[in-house]
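Participant: Here's a structure for you.
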Amino acid sequence: MADYYLYFKFLHYIFFISWMAMLFYQPRLYVYHAENIHNPEYVKVVEVMEYKMYKYIGYPALIGSFATGALILLAMPDLLKTGHIHLKLMIVILMAAYHFHLGSYMKQLKNKTCKRDGMFFRAYNEVPTVCMLVIIWIMIVNPF
């Protein structure tokens, strides 16, 4: 499997970038939704966008990121002996929790039970940025 390591890594980057796109944009849609809650026609359009982004981009990218990440570790099991991979995996688990939390907000917004406003979602939108920066720093600088 080591012969395929670079191919797995290539696919992993593609899935990761797609996943990050969803994690960046989904909360932005929630900003629009929350700030236009009294405009039902606008909200209908945003709800379709939220659902498609979450279901058709987010889930496949999440699954692809995890699957190719697992293939990378199978191809290069010695990576698990390095300190940086454990921190990266911890952050990825936090990002997955964030992903599913976005799904719960989507349901709340659709059911009109969400207590959060646009300002909250603007701030919440920064979580994946911080996670991504830490992951890239770990993978490139490798401080451990």
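Participant: Identify, by number, the condition in (1) open to solvent by 70 Å² or more (accessible area, probe 1.4 Å); (2) over 18 Å from residue 35 (Cα atoms) that residue 110 doesn't meet.
Facilitator: Answer for residue 110: the failing condition is (2).
Participant: Suppose the filter is not in a helix (DSSP H, G or I) and not β-branched (Val, Ile, Thr); does residue 112 pass it? First the steps, then the outcome.
Facilitator: Numbers: not in a helix (DSSP H, G or I): yes; not β-branched (Val, Ile, Thr): yes.
Yes.
Participant: Taking the criterion of being of a type in the set (Val, Ile, Thr), open to solvent by less than 30 Å² (accessible area, probe 1.4 Å), in a helix (DSSP H, G or I) and in contact (Cβ under 8 Å) with a residue 24 or more places away in the chain, would at least one residue in region 76-85 satisfy it? Before you say what the answer is, go through the steps one by one.
Facilitator: Of region 76-85, the ones of a type in the set (Val, Ile, Thr) are 82, 85.
The next check asks that each one be open to solvent by less than 30 Å² (accessible area, probe 1.4 Å); those that pass are 85.
Now restrict to residues that are in a helix (DSSP H, G or I): 85.
Those left that are additionally in contact (Cβ under 8 Å) with a residue 24 or more places away in the chain: none.
Checked against the condition, which is being of a type in the set (Val, Ile, Thr), open to solvent by less than 30 Å² (accessible area, probe 1.4 Å), in a helix (DSSP H, G or I) and in contact (Cβ under 8 Å) with a residue 24 or more places away in the chain, region 76-85 yields no hits at all.
Participant: Only one residue in 29, 73, 62, 23 is touching a residue at least 60 places away in the same chain (Cβ under 8 Å), in contact with a helix residue (DSSP H, G or I) (Cβ under 7 Å, 6 or more places away or on another chain) and assigned to a helix (DSSP H, G or I). Which one? Talk me through it step by step, then tell me what you get.
Facilitator: Working: 29 fails: touching a residue at least 60 places away in the same chain (Cβ under 8 Å); 73 fails: touching a residue at least 60 places away in the same chain (Cβ under 8 Å); 62 fails: touching a residue at least 60 places away in the same chain (Cβ under 8 Å).
Matching residue, one of 29, 73, 62, 23: 23.
Participant: Can you tell me which residue among 94, 133 is at pLDDT below 95, more than 22 Å from residue 41 (Cα to Cα), within 14 Å of the chain's Cα centre (by Cα) and open to solvent by 30 Å² or more (accessible area, probe 1.4 Å)?
Facilitator: Residue meeting the stated conditions: 133.
The values are calculated or read from the model by the stated rules, or taken from the named source; none is laboratory data. These numbers come from a predicted model, not from an experiment. Please note: Cβ atoms are built from the backbone with ideal geometry, for glycine as well, and neighbour counts cover all protein chains shown. Only protein heavy atoms, including side chains, enter the accessible area calculation; ligands, DNA and RNA are left aside. Shrake-Rupley method; radii C 1.70, N 1.55, O 1.52, S 1.80 Å.
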